[in-house]
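S.K.: Below is one structure. I have some questions about it.
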Amino acid sequence: MAIKDFPIEEYVLPGNAACPGCPSTMGLRTVLKALGKKTILTIPACCTAVIQSWYPYTSFNVPTLNIAFEAAASAASGIAAALKKLGEEDINVVVWAGDGGTYDIGLQALSGAIERQTNFLYICYNNQIYSNTGIQRSGATPYAAWTTTTVKGKKEFRKDIGEIIIAHHVPYAATACVSYPEDLYNKVKKTMGIRGPKYIEILAPCPPGWRFSMDKTVEMGKLAVETGAWILYEYENGKLSFNGISKSIAEGKYKPKPVEDWLKLQGRFSHLFKPERDIVRINAIKDHIRDTWEHYKKLASL
Amino acid sequence: MKVVIDTGNYIAARAAMMAKPKVVAAYPITPQTTIVEGIAKYVENGELDAEYICVESEHSAMSACIGAAATGVRTFTATSSHGLLLMHEMLHWAALARLPIVMCNVNRAIGPGWNIWCDENDSIAQRDTGWLQFYCSSNQEVFDTVIQAYKIVENEKVLLPAMINLGGFILSHTSLPVRIPEQKEVDEFLPPYEPKWRLDVNHPITHGNIIFPDDYYKVRYDMQLAQDNSRKIIKEVAREWREKFGTYHGDLVEEYRCDDAELVILAMGAIGAEAKVAVDKIRKNGLKVGLLRIRAFRPFPEEEIIGMAKKCNKLLVIDRNISVGNEGALAGETRACLKDRVEDANVYGFIAGLGGKDVTYIDIEKMCKMVIDGKAGRVEWYGLG
């Protein structure tokens, strides 16, 4: 659906406490427009716990249960079970969690909920850090990125959680990026027709966390996709397929931009370029992107 | 009304089934396992119309109960020992969210080393979570208390979760006769749950977002009021149960032969049942001993203990738990509530039965003798040998 045709109803209201340029509110606004009124949100500790604003106010226009950091998927299991007994299974049960709450502390509960075939949509908005606590390393933080706990750059590559989710044989999993709201909207819409556990991970470039100007959120997300550092795909009925520019990259119709175009704009990678170019680590990033693509192309051909 | 002979765990499962929760989320742990097996069977054969979520941890069990209760249905879970400890964070969450969840905890020691026997340190470690805590001394009391607990916590003046404790292997795996009412009688006693708030798409609210100090302080105060309110409700519900079904185990406490007592034993759980036998034996020898069995540890039966200490100033407190670095929890709290209120009260704390070490009526008789003979100190580790 074209963005001009999105429903006019707003579920993320003005007056929220997000930072200027916050990708989370952008993503959630689109997600809730797709899901509509009949939605119950569960939110673990993450930026959105703050963004929704404080008691006795809220900026969310759907019922929202805040829950402990590692507990979102299990709380959603309880909500889904209760709705089943109440005969209200037409309500969307949705988790909106950050990457720390998904990749790290919440992974066990998420795995359990998926394995139990919980009828819910789990959305991870991935800004690649613990941002609510002030930019610490998570399992989603990319290699070489500065955080307050990886002062000279992260030594490890990020966890591929998409594959972990797919290994659970979910009916639907997808990646998205806040810079492509139509793609995100369509993916969320698609999940509404599917029973069982659905997973969408949204790349969410965070201005203070990634150290870029607050007016560049959309550009930063687009560059991640255009350089191939973030892949847009859908996994459905056991088949993986690429979307958008990632599809063109996979088909050889679009030549990815050099990853430096994306890295250079982010303060968290500045140590790769000054005082001198860190060729070893830049090449490691390039190799990792290449290997990831090769791997995903293989998955798509299965 | 019929009499069933069964273990504490199967009786707990039967009580939960008859309370008709809509969602049960649980994870197996020794010695709680047969409770969840019992529930699973009831759900499987259609006797209980509930969703049974076989979660991957106790933390998730409590989280799922929170999600379900917030969606407006009655919930149940059961755990023990390490499982309860893993839940700790969500126990606080359930209470602060003011969700009337009911849970059975089968008291068991904490490792290392691995020890599956009875010990109350697991539940005592949860005393500050805001949960009501009941300790049972018979399978009948387990049955009655599980169903009563729903009625207590769903009362709008309470709206806090409740934990019903039964001793690992002592009650959990011991068969005893239990009077079971008809389902329709239970239904009359405990009507369907009507939540005071729920996650409702037609009335969207946000629950549990950021709260600033002034409001948070009030939330904590409201919890305290709810615990205080529950004292009266516990009494009313226990007495309504007695009228309807004939069984009664006391209110917050049970008094046993205390009227003319010169020494009163304070005990919780199955030790309370053993203490009754000891009281009878000792009285045969002409010594006036009574028992104040603590049914509710939260809310703490302060008034009842003060009232008893005013009548009898020698209190022998048995704790199957130890707040390491201080003393047993019941003895410590008993001392604290008597301080400046009953000036001549003497509290003799006995640590006993940790890790499932037997505490028989003979042991309790010996403890009484130590106190009567003036040989008991402030805190005694009974039976160190």
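Since every read-out is calculated from the coordinates, none of them should be taken as a lab result. As the structure is a computational prediction, the values presented were derived from the model and not from experiment. All Cβ positions, even for glycine, are placed from backbone atoms using ideal geometry, and neighbour counts span all protein chains on display.
S.K.: What whole-number volume per residue, in cubic angstrom, does the convex hull of the C-alpha atoms of the range A:150-296 give?
M.R.: 122 Å³
S.K.: Taking R0 as 35 Å, what's the FRET efficiency between A:Met1 and A:Leu299 from their Cβ-Cβ distance, rounded to 0.05?
M.R.: 0.80
S.K.: Assuming R0 = 41 Å, what is the FRET efficiency of A:Glu88 and A:Ala284, from their Cβ-Cβ distance, to the nearest 0.05?
M.R.: 0.25
S.K.: To make sure I understand, if each residue's beta carbon is the centre and we count other beta carbons within 10 Å, what order do A:Trp146, B:Trp381, B:Trp117 fall in, fewest to most?
M.R.: On the way: A:Trp146 24, B:Trp381 14, B:Trp117 19.
Exposure proxy ranking, most exposed first: B:Trp381, B:Trp117, A:Trp146.
S.K.: Per the helix-only calculation at 222 nm, which mean residue ellipticity applies to the protein assembly as shown, given -39500 (n - 2.57) for every DSSP H run of n ≥ 4 and division by its residues, nearest 500 deg cm²/dmol?
M.R.: On the way: 23 runs with 266 residues, N = 687.
One gets -12000 deg cm²/dmol as the mean residue ellipticity at 222 nm.
S.K.: What is the helix-to-structure angle for A:279-301, meaning the angle in degrees between its Cα long axis and the longest Cα principal axis of chain A, kept from 0 to 90 and rounded to the nearest 10?
M.R.: That works out to roughly 50 degrees.
S.K.: Please list the equivalent ellipsoid semi-axes of the range B:283-356, computed as the square roots of five times the alpha-carbon gyration tensor eigenvalues, in descending order and whole angstrom.
M.R.: Computed over the range B:283-356, the values are 20, 17, 12 Å.
S.K.: I've got another one for you. What is the Cα centroid distance between the range A:232-302 and the range A:102-148, reported in whole angstrom?
M.R.: When both Cα centres are located, 20 Å separates them.
S.K.: Using the Karplus curve 6.51 cos²θ - 1.76 cosθ + 1.60 with θ = phi - 60°, work out ³J(HN,Hα) for each residue of the range A:180-194 in order, rounded to whole Hz, and write x for Gly and Pro.
M.R.: Running phi through 6.51 cos²θ - 1.76 cosθ + 1.60 with θ = phi - 60° gives 10, x, 5, 4, 5, 4, 5, 5, 4, 4, 4, 5, 5, x, 10 Hz.
S.K.: Continuing with this model, one more query. Scan chain B and note any complete DSSP helix (H) whose C-alpha atoms cover at least 27 Å along its axis and whose Kyte-Doolittle average is 0.0 or more. Each step should come with its number before you reach the end.
M.R.: Working: long enough: B:213-245 (46 Å, -1.40).
Counting only whole DSSP H runs, no helix qualifies.
S.K.: Related question: Using every Cα-Cα pair within chain A, state what percent have a distance larger than 28 Å.
M.R.: 34 percent
S.K.: Suppose every Lys and Arg Cβ carries +1 and every Asp and Glu Cβ carries -1, with no other charges. What dipole size does the protein assembly as shown come out with about its Cα centre, to the nearest 20 debye?
M.R.: It works out to roughly 1220 debye.
S.K.: Gap in Å between the Cα centre of the range B:1-62 and the Cα centre of the range B:95-118?
M.R.: About 15 Å separates the Cα centre of the range B:95-118 from the one of the range B:1-62.
S.K.: Now for a different question. Amide H neighbours of A:Leu232 under 5 Å, counting only residues 5+ apart in sequence or on other chains, H built in-plane at 1.01 Å?
M.R.: Result for A:Leu232 returns A:Asn243, A:Ser246.
S.K.: Listed highest first by mean packing, meaning other Cβ atoms within 10 Å per residue, what order do B:119-125, B:56-62 come in?
M.R.: Numbers: B:119-125: 23.7, B:56-62: 26.1.
Those peptides, ordered most packed to least, come out B:56-62, B:119-125.
S.K.: Do you know the relative contact order of the range B:247-385, to the nearest whole percent, from alpha carbon pairs under 8 angstrom that are 6+ apart?
M.R.: 25 percent
S.K.: Another question, then. Set the Förster radius R0 to 41 Å, insert the Cβ-Cβ distance between B:Asn115 and A:Asn61 as r into 1/(1 + (r/R0)^6), and round the FRET efficiency to 0.05.
M.R.: Once the sixth-power term is evaluated, E becomes 0.20.
S.K.: If packing is taken as the average number of other Cβ atoms within 10 Å across a peptide's residues, how do B:141-147, A:156-162 rank, most packed first?
M.R.: B:141-147, A:156-162
S.K.: Continuing with the same structure: So how far, in whole Å, is the C-alpha centre of the range A:149-214 from the one of the range B:326-355?
M.R.: 56 Å
S.K.: For every other residue with a beta carbon closer than 14 angstrom to the beta carbon of A:Pro7, add +1 if it is Lys or Arg and -1 if Asp or Glu, then tell me the sum.
M.R.: Taking every other residue near A:Pro7 into account, the sum is +2.
S.K.: Related question: Return A:Lys253, B:Lys41 ranked ascending by Cβ neighbour count within 10 Å, so the fewest neighbours appear first.
M.R.: Final ranking by Cβ density, sparse to dense: A:Lys253, B:Lys41.
S.K.: Give or take rounding to whole Å, what are the principal axis extents of the alpha carbon atoms in the range B:337-385, in descending order?
M.R.: Computed over the Cα atoms, the extents are 35, 24, 17 Å.
S.K.: Within a 10 angstrom radius of each residue's Cβ in B:49-59, how many Cβ atoms of other chains show up on average? Whole number is fine.
M.R.: 5
S.K.: In percent, what relative contact order does the range A:1-152 have, based on Cα pairs under 8 Å that are 6 or more apart in sequence?
M.R.: Value for the range A:1-152: 21 percent.
S.K.: Next question, about the same structure. Whole percent per 5 Å bin, from 0 to the bin with the longest distance: what is P(r) over all C-alpha pairs of the range B:253-381?
M.R.: Taking every Cα pair in the range B:253-381, the percentages come to 2, 12, 24, 26, 23, 10, 3, 0.
S.K.: Mind giving me the nanometre distance, one decimal, between the label points for A:Ile8 and B:Ala336, set 7 Å out from Cα along Cα→Cβ?
M.R.: Output for this residue pair reads 6.0 nm.
S.K.: If you build the convex hull over the alpha carbons only and average its shadow over all orientations, what do you get for chain B? Give it in nm² to one decimal.
M.R.: Over all viewing directions, chain B projects a mean Cα-hull area of 19.7 nm².
S.K.: Once the other residues with Cβ under 14 Å from the Cβ of A:Phe120 are scored (Lys, Arg +1; Asp, Glu -1), what is the net sum?
M.R.: Neighbourhood net charge equals 0.
S.K.: Further question: Which residue fluctuates most in the GNM of chain A (Cα springs below 10 Å): A:Leu86, A:Leu35, A:Leu240?
M.R.: A:Leu86
S.K.: If you don't mind, another one. Tell me the label-point distance for the pair B:Lys369, A:Lys190, using the 7 Å Cα-to-Cβ offset, in nm and rounded to one decimal.
M.R.: About 8.0 nm separates the two model spin labels.
S.K.: Quick one: 3J(HN,Hα) in Hz for the range A:250-265, Karplus 6.51/-1.76/1.60 with θ = phi - 60°, rounded, Gly and Pro as x.
M.R.: Couplings: 4, 8, x, 8, 9, 8, x, 5, x, 4, 4, 4, 8, 4, 5, 7 Hz.
S.K.: Got a sec? Charge dipole of the range B:253-381, +1 on Cβ for Lys and Arg, -1 for Asp and Glu; which of B:Cys312, B:Tyr361, B:Tyr348 is way out at the positive end?
M.R.: Value: B:Tyr361.
S.K.: Counting only DSSP beta bridges with both residues in chain A, tell me the antiparallel percent, nearest 5.
M.R.: 30 percent
S.K.: What is the spread of the Cα atoms of the protein assembly as shown along each of their three principal axes, largest first, in whole Å?
M.R.: 99, 57, 46
S.K.: Under 13 Å from a label point 7 Å along Cα→Cβ of A:Asn237: give me every residue in the range A:95-118 with its amide N that close.
M.R.: It comes to no residues whatsoever.
S.K.: Just rank A:Thr133, B:Thr77, fewest to most, by other beta-carbon atoms within 10 angstrom. Working shown, then result.
M.R.: Working: A:Thr133 13, B:Thr77 31.
In increasing order of surrounding Cβ atoms, one gets A:Thr133, B:Thr77.
S.K.: Enumerate the residues in the range B:212-226 having an amide nitrogen under 15 Å from the point lying 7 Å beyond the Cα of A:Trp54 toward its Cβ.
M.R.: B:212-219
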